[in-house]
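Here, each number is a calculation from the coordinates, and none is a lab measurement. Not measured: the values here are computed from a predicted model. Ideal geometry is used to build each Cβ from the backbone, glycine not excepted, and the neighbour counts take in all protein chains shown.
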Amino acid sequence: MINNSISCFLIFAFAFAFVGCREENVLPKPRAMLRLEFSKTSMSEVETDNFKFEYNTRAKFKVKNSSSLVLEYPEMKGAIFINYRKVDKNISSLIADAQKLSFEHAAKADGIRPRIFENEENQVYGTFYEVSGDAASQAQFFVTDSVNHFVTGSLYFAAKPNYDSIYPAASYLQKDMGRIMETLRWK
């Protein structure tokens with residue numbers, strides 16, 4: 001009887017070790033982001049007294065006054081604010097103000113990456129600031145011809161800044177801002 005007990009125990013232990021302890025290839029789960037699919041964009045042109053540019057028709061275009069425009073994206077709860085200033089021997093202070101506005105978000109931002117923009121053919125020069133982290137604005141830009149015109153653009157969302165949640169929409173709208181800079185022409 002003892003031999004039967006030992007035999008049963010060994011068979012049970014062997015079966016448990018064989019079945020219960022199989023080594024599986026366990027892989028860590030990758031970090032994931034929410035994937036939002038946005039429809040293909042179509043562009044339209046807007047013209048002001050001082051400049052013109054192409055914009056995404058998904059945006060609702062609004063004129064606030066003669067020097068301020070807003071492109072609202074209701075489904076993303078975001079907006080691009082565009083402001084125009086006339087250059088009158090004050091280009092240095094206009095650039096300093098635009099840079100100051102961009103870097104005011106540094107306290108909450110994880111990083112601010114400036115990218116220089118030059119379109120010599122159309123005399124459009126500026127900087128695009130991509131902001132990462134929980135900042136109030138996810139992107140800023142300014143463009144100028146250095147003599148007569150100065151335009152700034154800022155991206156804001158109507159939501160508490162949470163970079164992980166707004167990243168897909170911020171990335172999409174940053175591309176729209178780049179398109180605005182690329183297609184901007186002075187009058």
With r as the distance between the Cβ atoms of ASP49 and ASP110 and R0 = 45 Å, compute the FRET efficiency 1/(1 + (r/R0)^6) and round to 0.05.
0.70
If each residue of separation counts as 0.36 nm, what is the full-extension length gain between VAL147 and ILE95 once their alpha-carbon separation is subtracted?
17.5 nm
Cα centre as origin, Lys/Arg/Asp/Glu Cβ charges: the stretch 85-187 dipole, Debye:
260
For 156-165, 40-49, 54-63, 125-134, ranked highest to lowest by mean beta-carbon neighbours within 10 Å, the order is 125-134, 54-63, 156-165, 40-49
Run the reach check for LYS86 against aspartates and glutamates, Cα to Cα strictly under 16 Å, same-chain hits fewer than 8 apart removed. What comes back?
ASP49, ASP97, ASP145
